[in-house]
Amino acid sequence: MATSKRRIDHIVLAVHDLEAAAEFYTRLGFKVGARNRHPWGTENRLVQFGSSFIELITLRNNLGVIPPHGPGRFSFGAFVRDYLQEREGFAMFVLDSANAKADAQTFAEKGIGSFEPFFFERKGQRPDGSEVHVAFSLAFAMDLDIPNASFFVCQQHVPENFWNPEFQRHPNGATNIAAVTLAARNPAEHTGFLTDFTGVSARRDQSESMVFPLAEGGVFKVAKTSGENRFAGYTVAVKNFARQQDLLSAAGISFSTVEDRIVVAAENAFGAAITFVPAS
């Protein structure tokens, strides 16, 4: 079975209270990074793994700095603002990119995104608190049948300043984002878009979900739902399964266990279901 050349880069989880979300993720057993500020009206804190990360994001108080969407222009801040007017949760899914400008052109040719690539830079922090420069280029795609979900690819321009093993040492032994799940009323309707976005065709698994194999063992799954089309949750691989259970129990976080999976329901986790599986 063919596998995409792209890996999961990160997921974006939109929340109203960034500090409360960071505290919750700390209780889950993750090491949560410092607060970062974007010039377009959002702030984030990151949970970094070996080759992927979770971005917890919120709005700053000054909403006047958020640029609007425009012809050929996707506004990151406006999407987060509009998403949070309706819900908290899993808002954006991101694959890696070696050339965001070329990817933006490819997305336009395939009819899944006619947006200009978006470059930005900011200050980051090393584990010792010293500042570093990080920079990114993004290329966006949209499935019009899932208006509350954004898809894009991310090119790192100074990756050596972003990825750091110290940030990747978590009390729960988390190693990477292993999978993400999109819930859809008719999964087959989205296979064309997702094939163009991921660069790989889907297969069906035993639950009849559509599965797109990604690089480095990642999986993008589309599961059938009777509800709205939306990103439902994600899966994290952890080194010590029993340790994860102990951390959740000690933190008083409700969870269920099915075979080799620990699940924290979306209603208990800022709108995005979290599944933990043993790292392979």
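Assorted remarks:
- The mean sequence distance of close C-alpha pairs (under 8 Å, at least 6 residues apart), as a share of the length of the stretch 11-57, puts its relative contact order at 44 percent.
- The stretch 130-183-the stretch 34-61 distance, computed between alpha-carbon centres (Å): 10 Å
- Using R0 = 35 Å, the C-beta based FRET efficiency linking D82 and V258 works out to 0.50.
- Spin-label model distance (nm) - S114 vs A265, 7 Å beyond Cα toward Cβ: 4.4 nm
- For the stretch 212-253 and the stretch 91-106, distance of Cα centres in Å: 23 Å
- For the cross-link pairs K5/K239; K5/K110; K31/K123; K5/K101, the ones whose C-alpha atoms lie over 22 Å apart are K5/K239.
- Assuming charge only on the beta carbon of Lys and Arg (+1) and of Asp and Glu (-1), the dipole of the chain about its Cα centre is about 240 debye to the nearest 20.
- Gaussian network model of the chain, springs between alpha carbon atoms under 10 Å - residue of S249, S201, S114 with greatest fluctuation: S249
- Within a Gaussian network of the chain (alpha carbon springs, distance under 10 Å), most fluctuating of V238, V180, V134: V134
- Sequence-separation-based contact order of the chain, relative, with Cα cut under 8 Å and 6+ spacing, percent: 20 percent
- Note on the chain: antiparallel DSSP beta bridges, both residues inside, total approximately 70 percent of the bridges counted.
- Segment E19-E131, extension gain: residue separation times 0.36 nm, minus the distance between their alpha carbons: 38.2 nm
- The chain, helix-only ellipticity at 222 nm - DSSP H runs n ≥ 4, -39,500 (n - 2.57), divided by all residues, nearest 500: -5500 deg cm²/dmol
- Extension gain (nm, one decimal) between E43 and R203, 0.36 nm per residue minus Cα-Cα: 53.9 nm
- Three-way shape label, the chain, alpha-carbon gyration tensor, a/c 1.5: rounded
Every number here is computed from the coordinates shown, using simple stated rules; none is lab data. Computed from a predicted structure; not experimentally measured. A quick note on method: Cβ atoms are made from the backbone with ideal geometry, for glycine too, and the neighbour counts reach across all protein chains shown.
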